[in-house]
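Structure first, then comments.
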Amino acid sequence: MINIQQQIKELSTEFGTNIDVMEQFVRRFCPKVVPAGQFAQAADTMLFVHIPKTAGVSVGKAFQETFDRFYSVQWDNIGPSFRHSTRMAMYSQTQKNGRQVIMGHFGWPELQVWRNHEIPIKCGTIFRDPVARMISNFNYNCSPAHPQHAAFKEKFPNIEVYIRNTILDFQITQAVGFISSFQNLLEKLIKYYTFLGITEKLAWSLTHLSVSHKLQKFSVHRENIGRSTPEKINDDLIKLIEERSHNDQKLHQLLTRIYQMG
C-alpha cells in the first residue's frame with residue numbers, strides 16, 4: 001500500500017499544485033487522514049453551501065435530524081433570508097445553545113457577511129460530477145416540481161441554450177467565488193471550509209462529516225424530486241459542459257481520489 005505522503009506527492013504533480021498546499025488539502029478533507037472530532041465544538045454554526053442538484057434535499061433532511069438547530073435559507077430570497085438566519089444563529093451561539101447549521105443556495109457573497117463581522121467561518125458543501133449535475137439541474141428546472149418551470153423553459157428552450165448561459169465553473173464559483181489558479185482554489189477551500197463531500201459517495205461523505213465534526217450519525221435519505229422526461233444529450237453537448245466546467249471537473253476528480261485514499 002502506498003503511504004499517504006507518497007500519495008500526496010503524486011496528487012500534487014498530477015493536479016499541478018505545490019506539495020505543501022496539497023498536503024494541507026488532504027489533511028483537512030480526506031476521511032482517512034482527518035482525526036475524529038477534529039472540527040468539533042460544543043456550540044458552533046456551520047454554513048452549508050447547497051449547490052443545486054447535489055443531493056441537497058437528502059442532506060437537508062439528515063441535518064434537521066442531527067443538528068440542534070437547522071436554518072433554511074429561502075432560495076428565492078437569499079440575501080435577506082441568509083442575514084436573518086445568521087442573526088438568529090449567532091444570537092443562539094452566544095448563549096452556547098448547541099450545534100447549528102445554516103443551509104441554502106447562498107454562496108461566496110453571503111459568506112463575506114461573516115468575514116465582515118469577524119465571525120470565524122466553518123463551511124461545508126458537496127460537489128457533483130459537473131456533467132451529471134448540469135443535466136439534472138436542467139431537467140429539474142423544466143419539471144412541474146419547480147415553481148418557476150414555465151419561465152425557465154421560456155428562457156432556456158433547450159439544454160444547449162442553458163449550458164451556454166450557465167456560469168463558468170458554476171460549483172466552484174458558488175463555493176469560493178473567483179479563483180486565479182487551481183492552487184488558489186485549494187487555498188481558499190483550506191482557509192474557509194472544514195468539510196467537502198461528493199454526491200456520488202453521499203453516505204461516505206456524511207459519515208465523514210459526523211466523525212470529523214463529532215456529530216450524531218446521519219441518516220441517508222434517498223430523494224429524487226423533479227422527475228421529468230430527460231432531454232437526450234449527445235457527445236457535443238457533453239463536451240460543451242466539460243469546456244465550461246474545467247476546474248469543477250478537476251476538483252471533483254481530486255475529491256474522488258482523496259475519498260479513495262487508503
Fill in the blank from the handout: Residue separation between GLU118 and ALA151 times 0.36 nm, minus their alpha-carbon distance, gives in nm 7.9 nm
Completion exercise
Sorted largest first, the Cα spans of segment 50-111 on the principal axes come out in Å as 34, 25, 16
Fill in the blank from the handout: Mean projected area (nm²) from the convex hull of Cα positions in the chain is 14.4 nm²
Completion exercise
Label model pair ARG257, GLU65: point-to-point distance (7 angstrom along the Cα→beta-carbon line) in nm is 3.4 nm
Exercise for the section: Return the single residue from GLN74, GLN148, GLN183 with maximal mean-square fluctuation; model: Gaussian network over the chain, springs between Cα atoms under 10 Å. Expected result: GLN148
Problem - Geometric extent, Cα atoms of segment 41-191 - Rg, Dmax (angstrom) - result: 16.5, 51
Exercise for the section: Over segment 39-114, calculate the relative contact order: mean separation of alpha carbon pairs under 8 Å at least 6 apart, over the residue count, as a percent. Expected result: 50 percent
Handout entry: Two-site FRET efficiency, PHE178 against SER72, from Cβ-Cβ distance with R₀ of 30 Å, rounded to 0.05
Key = 0.65
Fill in the blank from the handout: segment 1-128: Kirkwood hydrodynamic radius (Cα pairs, Å) comes out at 16.4 Å
Handout entry: Check: the chain dipole with +1 on Lys, Arg Cβ and -1 on Asp, Glu Cβ, in debye
Key = 700 debye
Fill in the blank from the handout: Share of Cα-Cα pairs in segment 71-154 beyond 14 Å, whole percent, is 72 percent
Problem - Magnitude of the charge dipole, segment 46-173, Cβ model with Lys/Arg +1 and Asp/Glu -1, debye to 20 - result: 220 debye
Completion exercise
Computed over all unlike Cα pairs, the Kirkwood hydrodynamic radius of segment 26-72 in Å stands at 12.7 Å
Fill in the blank from the handout: Rounded to two decimals, the Debye log10 I(q)/I(0) of segment 117-257 (Cα scatterers, no solvent) at q = 0.19 Å⁻¹ is -1.22
Problem - Inter-label distance, nm, simple model (7 Å from Cα along the C-beta direction), MET88/ASN3 - result: 5.0 nm
Problem - Zone of VAL33's modelled label, taken as backbone nitrogen in segment 176-200 under 17 Å from a point 7 Å along Cα→Cβ - result: 183-198
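None of the figures in this text is laboratory data; all of them are computed from the coordinates on show. Not measured: the values here are computed from a predicted model. All Cβ positions, even for glycine, are placed from backbone atoms using ideal geometry, and neighbour counts span all protein chains on display.
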